[in-house]
1. Using amide H atoms built in the peptide plane, which far-off residues or other-chain residues are under 5 Å from K137 H to H?
2. Hey, what did the stretch 70-197 get for relative contact order, percent, Cα under 8 Å, at least 6 apart?
3. Using modelled amide H (1.01 Å from N, peptide plane; none on Pro or chain starts), what sits under 5 Å from the amide H of E15, excluding residues fewer than 5 places away?
4. Whose amide H sits under 5 Å from the amide H of G21, counting only residues 5 or more places off or on another chain, with H placed in the peptide plane?
5. Taking the Cβ of K147 as the centre, find all other residues whose Cβ is under 15 Å away and add up their charges (Lys, Arg: +1; Asp, Glu: -1).
6. Taking 23 Å as the cut-off for C-alpha to C-alpha distance, list the pairs among K76/K190; K16/K148; K143/K194; K137/K181; K69/K147; K115/K194 that go past it.
7. By the scheme Lys and Arg +1, Asp and Glu -1, what is the net charge of all other residues having a beta-carbon under 12 Å from that of K190?
8. In whole Hz, with x marking every Gly and Pro, tabulate ³J(HN,Hα) for the stretch 119-127 from phi via Karplus 6.51 cos²θ - 1.76 cosθ + 1.60, θ = phi - 60°.
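Every number here is computed from the coordinates shown, using simple stated rules; none is lab data. Just so it is clear, the model here is predicted, and its values are computed rather than measured. Here the Cβ is made from the backbone with ideal geometry for all residues, glycine too, and neighbour counts use every protein chain on show.
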Amino acid sequence: MKSHHSKPEATEIVEKILLLGDISVGKTSLITRFTNNDFFTNLGNTIGRPIFFKISLILISIGVEYHRKSLTLEGKEIELEIWDTSGQERYQSIAKSFYRGCMGIVIVFDVTSDKSFGNVKSWIEHLQQDADSEVIKILVGNKADLKKEVHAVDQAQIDDLANEWNLKYFETSAKTGENVKEAFEWIALKIYEKLTGFERKDSRISLSKKDVKAREGDSKSQGCCN
C-alpha cells in the first residue's frame with residue numbers, strides 16, 4: 001500500500017490484530033505469507049508445531065502465537081501485532097480473553113470446507129458477546145487456489161453472510177499470496193483511520209512513541225490485547 005508521503009514521520013502506532021477460525025483453515029499460513037512472504041506445505045497446527053519465535057515459547061502452550069509486521073501508512077510507521085489463535089475447541093475459552101481490546105479481528109474459513117464456513121457464524125456470535133463492539137472485523141476465505149480442484153463453498157452464501165454481518169470479504173490463498181497483503185493492509189488502514197480520528201476528537205490520545213511503549217507495557221501486564 002503506497003503512502004502519500006515519501007518519508008515516514010517519527011511517530012509510531014501499534015495495532016493489535018487477532019485471527020480466528022477453525023483448525024486447519026490456514027490462519028498461520030496467512031500470517032507467514034504476510035509477514036515473511038513464505039509458505040510451508042507441512043506447517044502444522046498452532047499447537048504442537050516447532051517453535052520459531054522466542055515469544056511463542058510462552059504462548060504456544062495456551063493456543064496463541066504472536067507475530068510482528070511493520071507498515072507505512074499515510075507517512076506513519078505502523079507496527080502490527082498479529083495474534084494467531086488455535087481453532088481447537090479446548091482453546092476457544094482461552095482465546096476469548098484475547099478478544100477485548102484488540103483493534104482488528106480477521107475471521108478465517110476454508111473456501112473448500114462447508115464445515116469451517118458454517119462455523120463462521122459461531123465465531124461471530126462469540127465476538128458479539130466478548131469483543132469490543134467497535135472492533136474492525138473482516139471475513140477471509142482462504143485456500144482459493146484449491147477451488148478448481150475440490151468442492152467450494154457457494155459464493156452466494158458467502159456474500160449473504162458478509163452482508164448480514166456487514167463484513168468486508170477477501171478471498172485469499174496463502175499458497176500463492178493472492179489477496180493476503182490486500183486483506184491485512186485493508187484492516188490496518190481502517191484501524192489507522194479510526195485511531196487518528198479519535199486523536200483529533202480526544203486530546204488525551206497520543207501517537208507518540210512514549211505513549212505507545214506505555215500502552216505496550218500495560219498490554220504485557222494485562223494480556224495480549226487489553
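1. Those qualifying (amide H under 5 Å, at least 5 residues apart or on another chain) are I105.
2. It comes to 24 percent, rounded to a whole number.
3. Result for E15 returns E79, L80, E81.
4. Long-range HN contacts for G21: V108.
5. After counting each charged neighbour, the total is -4.
6. K16/K148; K143/K194; K69/K147; K115/K194
7. Surrounding charge for K190 is -1.
8. 7, 4, 4, 5, 4, 5, 5, 4, 5
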